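Before any comments, here is the structure.
The values are calculated or read from the model by the stated rules, or taken from the named source; none is laboratory data. Only a predicted model underlies this, so the values are computations on that prediction, with no experimental measurement involved. Glycine also receives a Cβ, built like all others from the backbone with ideal geometry; neighbour counts cover every protein chain displayed.
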Amino acid sequence: MSLTSFLTFLLIGAVAGWLTGLLTKGRGFGLLGNIIVGVIGAFLANFVFGLLGIGAYSLIGRLIFALLGSIGFVWLLRFIKK
């Protein structure tokens, strides 16, 4: 993985985390927490969708995958917290 693709991955994860903080009910995790959740969600989404043989190659597609992953990760965190 090149430095450019790694930085793009982090940026997409950060935007996805920010959007997840806006879309999910509740206080969120703060700006830094939302960015971390987005990056973890982007990683999880790439892993899970990769196992399913589904890939996203455009910026919008990767952002949607990261958003889905971060929403799933927030749901998982809230499920564990209860």
Checklist outcome for this item: So, first residue at pLDDT 90 or above in segment 28-53, second residue in a loop (DSSP other than H, G, I, E, B), Cβ within less than 8 Å, six or more apart or across chains; the pairs are F49/G55; F49/A56
Next on the checklist: Among the residues of segment 21-60, what is the count of those that are more than 8 Å from the chain's Cα centre (by Cα) and either under 12 Å from F73 (Cα atoms) or surrounded by 10 or more Cβ atoms within 10 Å (Cβ to Cβ) (or both)?
Outcome noted: 21
